[in-house]
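A short worksheet on the structure shown next.
The values are calculated or read from the model by the stated rules, or taken from the named source; none is laboratory data. Keep in mind it's a predicted model, so treat the numbers as computed, not measured. For the accessible areas, the whole protein counts, side chains as well, though only heavy atoms, and no ligand, DNA or RNA atoms are used. Shrake-Rupley method; radii C 1.70, N 1.55, O 1.52, S 1.80 Å.
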Amino acid sequence: MSDKTKNENAKESYTAKDITVLKGLEPVRKRPGMYIGSTGTEGLHHLVFEVTDNSLDEALGGYANFIEVKILKKNIIQVSDNGRGIPVDIHPETKKSALETIMTTLHSGGKFGGKGYKISGGLHGVGVSVVCALSKYMKATVKRGGFIYEQEYSKGVPKGLVKKVSKCSENETGTTILFQPDDEIFKEVNFDLQKIINHLRYQAFLVPKIRIRIVDEREEFPIIYNFYFEGGVLSLLKYLVDETEVLHEIPFYIKGQKDDISVEVAFQYAKEIETEEMAFANNIFNPEGGTHLTGFRTALTRTLNDFARKNGYLKEKDENLTGNDVREGIIAIISIMIKEPQFEGQTKTKLGNPEAKIAVEQIVSGGLENYLEKYPQDAKIIIENCLLAQRARKAANAAKTTILRKGILEGLSLPGKLADCSSRDPELSELFIVEGDSAGGSAKQGRDRRFQAILPLKGKILNVERARLDKMLSSDEIKSLIIALGTSIADDFNLEKLRYKKIILMADADSDGNHIKTLLLTLFYRYFRPIIEQGNLYIAKPPLYRIEAGKEIYYAWSDLERDEIYEKLKKQNIKNIDIQRYKGLGEMNPEQLWETTMNPEKRVLVKVSIADAQKADHTFDVLMGKEVLPRKKFIQSYAKKVINLDI
């Protein structure tokens, strides 16, 4: 039977009887976080991806090759595809149109027991119905069987029956979903174009020969992106590697199948120390990995150890390479297709199928053995890189042990460095990491010694972007910080031993200060990430201006705030107004520093999120990495936006 005949038969068999109903929609509006993760920006964008997942499932089945996502005025989203079109005939159980059933009933779709899809990402079946429930307005338009059908909804409730609005060509099929998120549910409805681009670019890589167009019509001139890739996972690997300097020329690639599980894996080692692994199940990105990622890691570690011993890189008395040793610098993509994926949570962050681990492990093991034998020069480079990582790990462990022993012997009191607080209760304690001895001195004098500790840093800390742990631990400033935090580092990191509930970065509001904050954010992101994830890391915002009017003192944290205070004082006919621009923390006396930046009742703190730290890490990678072209592009892009440059 030809592919065309199969598709025709599938079109005919995909009718209302293929739609299985489990239960209603009401819980979604009551507890939206259970279905989309949150009602913040992540949950808002999850609505878009739930709708595009359905279109991508049509493409995976071979029924669609084009998807368009439009961001319209007022942040209305429109997703169109040229798939088969949602069935509109009467559902045998609900006695309503299948379109209405899918749009307004939880756990309904062609992925529950019907023959609509063999492989799909949206197997929870709550996708489009959840979007309908959380939208103040939605319209579904279906082209099917030579006619165009429409139905409108508000907050999950149909505004009328499915209507046949006009005719179209018999060959013209597809579905368009237009929705406006409910601002009663979402605090802020503002779609991030880059977030949508990043997500759908990956889908364009993973779904063979799918054309994806993204159009942002919110501004005067539309912004349009088009994606089309034929190389699949290998194309994605090339994109991820981009201009990074690689260790070996030929990337590893394997595609295979075991027990109805399709596995596709590609990786290449870069001259970096960071690991980048992306795991997908049915083209859904799993940021927390899962069993397929575990299978890959197991196969990689075992196969490389076997090869290293067989070829004399590891002697009989040598210890095995660890998982961290073999993954240092790797850029890897693990993509599987599985009939019934078991995800943890509706947002599909982690795959749980045990059979996926076995399939990936077996296919990668066999493929990697062949690769290492076929490309001995690349194999040698990879093994030597792993051995280098092993030596660095051992050196780092020795340095770490020394640091911890020093900390214990000195009772965590660092002469000339840490001015600790008297409280020993972490819940009540704060640590200020302060730029420079001058500001550190003011902070020590101005603080509340009962609960505020001060750790001044001398100059800029080591750039950890390209430094292994052993080199990083040779830095006196970083060693002082590790001992002050009390958590240890790397494999021995223990968040429960954190000595302060708030870690506050306090630096000047100039280019040097921003540089130091970026270095520190990169350090925390790479080596103390749980501190960020638990919400313990903050950035202090010292005022930019001191405004003196007679006996009154005012502080302003921005140019706008300065102007507002000035205008207010002028209206009160106050003539002697003196405005001082703070160039650094050292210009403040201890009382001013306490009053503006350290006093819990008046200060401004910004809690650091993982997204903030990732952005700092990426920016630092661009600006401080070895590659010249990305740095040149960054400077060209942002040079014109610099208004105040401190020299």
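Of the residues Ile381, Ile516, ranked by 1.4 Å probe accessible area with the largest first, the sequence reads Ile381, Ile516. Report in % the part of the accessible area of segment 446-566 that belongs to carbon and sulfur, leaving out ligands and nucleic acids; probe 1.4 Å. Carbon and sulfur together cover 44 percent of it. The heavy atoms of Arg201 offer some 40 square angstrom of accessible surface to a 1.4 angstrom probe.
In whole angstrom, segment 122-228 maps to an equivalent ellipsoid with semi-axes of 24, 22, 15, each derived as √(5λ) from the alpha carbon gyration tensor and ordered largest first.
Were the residues from Lys380 through Lys30 laid out at 0.36 nm apart, the gain over their Cα-Cα distance would be 120.2 nm. Here the 3J(HN,Hα) profile of segment 450-456, calculated from phi with Karplus coefficients 6.51, -1.76 and 1.60 at θ = phi - 60°, is 5, 9, 10, 9, 10, 10, x Hz, Gly and Pro shown as x. Amide H to amide H, with H built 1.01 Å from N, Ser475 comes under 5 Å of no residue 5 or more places away or on another chain. For Lys607, the aspartates and glutamates whose Cα falls under 16 Å of its own Cα, not counting residues fewer than eight places away in the same chain, are Glu430, Glu533. Residues His199, His292, ordered by accessible area of protein heavy atoms at a 1.4 angstrom probe radius and largest first, appear as His199, His292.
Indicate the gyration tensor shape class of segment 498-576 (rounded, prolate or oblate), computed on the Cα atoms with a ≥ b ≥ c the square roots of the eigenvalues: a/c under 1.5 is rounded; otherwise a/b larger than b/c is prolate and the rest oblate. Note, shape of segment 498-576 comes out prolate. Computed from backbone phi, the HN-Hα couplings of segment 163-169 come to 10, 8, 9, 6, 9, 8, 5 Hz, rounded to whole numbers (Karplus: 6.51 cos²θ - 1.76 cosθ + 1.60, θ = phi - 60°; Gly and Pro given as x).
Look at the alpha carbon pairs under 8 Å that are at least 6 residues apart: their mean separation over the length of segment 460-557 gives a relative contact order of 23 percent. Pairs of C-alpha atoms in segment 419-497 farther apart than 19 Å represent 44 percent of all such pairs. Scalar couplings 3J(HN,Hα) for segment 264-278, obtained by applying the Karplus form with A = 6.51, B = -1.76, C = 1.60 to θ = phi - 60°, are 9, 9, 9, 7, 8, 8, 10, 7, 10, 9, 7, 9, 10, 10, 10 Hz; x denotes Gly and Pro.
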